[in-house]
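Reviewing the structure listed below.
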Amino acid sequence: MAYKLLWQDVFNQDGKPDESIWVYETGGHGFGNGEAQYYTDRLENAFVKDGILNIVAYKEDYQKNHNTSAKLTTYGKKSILFGRVEVSAKLPLGHGTWPAIWLLSDAFKAGTSWPLCGEIDLMEHVGHHPGFVHFSLHSKSYNHLNHLQPTHIVEDMNLTEGFHEYAFEWDETELRFFIDQKHHVTFHKGDEHRLTDIGGWPFHQPFYLILNLALGGWWGGKIDDSIFPVTMQFKYVKVYERIG
């Protein structure tokens with residue numbers, strides 16, 4: 001399959017992230033996972049400096065929460081449907097960190113509930129289990145609540161150091177996941193006799209990209225207060241369309 005660059009952000013302007021691409025999503029209600037952070041729209045929680053996007057989490061009291069962080073999305077700015085997505089990121093370390101690069105369908109914001117809306121997890125990492133990176137898909141029929149989601153774990157302690165490229169290629173019938181250009185897993189529509197209706201495969205509609213650093217929660221676990229401030233960094237986000 002051949003691809004052509006559709007849009008990118010290489011974070012070449014200091015200050016707030018490019019408002020033509022990114023939206024700050026705010027709140028501190030736990031996001032269904034019992035997360036501890038309040039996502040703010042403050043510059044100190046998400047900013048670009050010297051070609052790097054930084055998402056920084058702090059231990060501080062804010063809006064009845066005791067930690068702050070940031071969550072950036074492309075909702076309403078850039079939708080993605082098929083093609084290739086590449087994100088260069090450096091993982092934050094420390095117990096209680098739960099960084100993610102993921103996507104939800106635009107339908108979620110229009111009122112379609114999770115998990116019917118569909119979710120694509122390009123990268124999830126929890127600090128109490130360093131070096132284990134997770135790729136997953138979630139749908140109404142197959143999700144983490146019923147432990148049936150298609151998922152794959154890459155174990156590599158090198159991923160806890162420096163920047164690495166997390167990527168996936170997406171078409172009508174499969175999603176292929178890569179780290180540093182190495183293919184690790186492909187999830188196929190109808191694998192293992194799974195349903196192929198919208199409840200089993202909702203990955204045929206536009207999605208938006210999410211970058212966030214969560215803290216604690218049911219998977220992030222107990223937070224080590226000595227790690228703060230802790231930072232997740234990004235060198236680029238590139239989105240390609242299929243050609244030919």
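The values are calculated or read from the model by the stated rules, or taken from the named source; none is laboratory data. Computed from a predicted structure; not experimentally measured. Neighbour counts are summed over all protein chains in view; Cβ atoms, including those assigned to glycine, are modelled from backbone coordinates with ideal geometry. Remember, those area values only see protein heavy atoms, side chains included, never the ligands or the DNA or RNA. Shrake-Rupley method; radii C 1.70, N 1.55, O 1.52, S 1.80 Å.
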Task: In nm, spacing of pseudo-spin labels at His184 and Lys49 (7 Å Cα→C-beta vector) - done: 3.0 nm
Task: Estimated D of the chain in µm² per second, where Rh is the Kirkwood radius over Cα pairs and Stokes-Einstein applies at 10 °C, 1.306 mPa s - done: 88 µm²/s
Task: Stretch gain in nm, segment Asp171-Arg42, where the contour uses 0.36 nm per residue and the Cα spacing is subtracted - done: 42.8 nm
Task: Length-normalised contact order for the chain - Cα pairs under 8 Å, 6+ apart - percent - done: 31 percent
TODO: Taking a cut-off of 19 Å between Cα atoms, list the aspartates and glutamates near Lys182, but don't count ones fewer than 8 places away on the same chain.
DONE: Glu86, Asp121, Glu124, Glu155, Asp156, Glu161, Glu165, Glu169, Asp171, Glu174
- [ ] Between the alpha-carbon centers of segment 181-221 and segment 111-162, tell me the distance in whole angstrom.
- [x] 7 Å
TODO: Scan segment 57-126 for trypsin sites (Lys or Arg not before Pro) in coil per DSSP, keeping those whose Cβ has at most 14 other Cβ atoms within 10 Å, and list them by number.
DONE: Lys64
Open item on the list: Rounded to the nearest percent, how much of the accessible area of the chain (1.4 Å probe, protein heavy atoms only) is carbon and sulfur?
Closed with: 50 percent
- [ ] On each of the three principal axes of the Cα atoms of segment 157-197, give max minus min coordinate, whole Å, ordered largest first.
- [x] 40, 18, 14
Task: Share, in percent, of DSSP beta bridges within segment 32-99 that are antiparallel, nearest 5 - done: 70 percent
TODO: Considering only DSSP beta bridges where both residues belong to the chain, give the percentage that are antiparallel (nearest 5).
DONE: 95 percent
Open item on the list: Taking the Cα centre as origin and putting +1 on Lys and Arg beta-carbons and -1 on Asp and Glu beta-carbons, what dipole magnitude results for the chain, to the nearest 20 debye?
Closed with: 300 debye
TODO: Let me have the relative contact order for segment 150-189, percent, based on Cα pairs under 8 Å that are six or more residues apart.
DONE: 31 percent
- [ ] Only Lys, Arg, Asp and Glu count, each charged at its Cβ (+1, +1, -1, -1), so figure out the dipole size of segment 79-172 about its Cα centre, rounded to 20 debye.
- [x] 340 debye
Task: Proximal lysines to Lys189, defined as alpha-carbon separation beneath 29 angstrom and excluding residues fewer than eight positions away on the same chain - done: Lys4, Lys77, Lys78, Lys109, Lys140, Lys238
TODO: Give me the distance in nm between label points sitting 7 Å out from Cα along the Cα-to-Cβ direction at Met157 and Leu5, one decimal.
DONE: 3.6 nm
TODO: Write down the accessible area per residue of the chain in Å², having rolled a 1.4 Å probe over the full set of protein chains.
DONE: 44 Å²
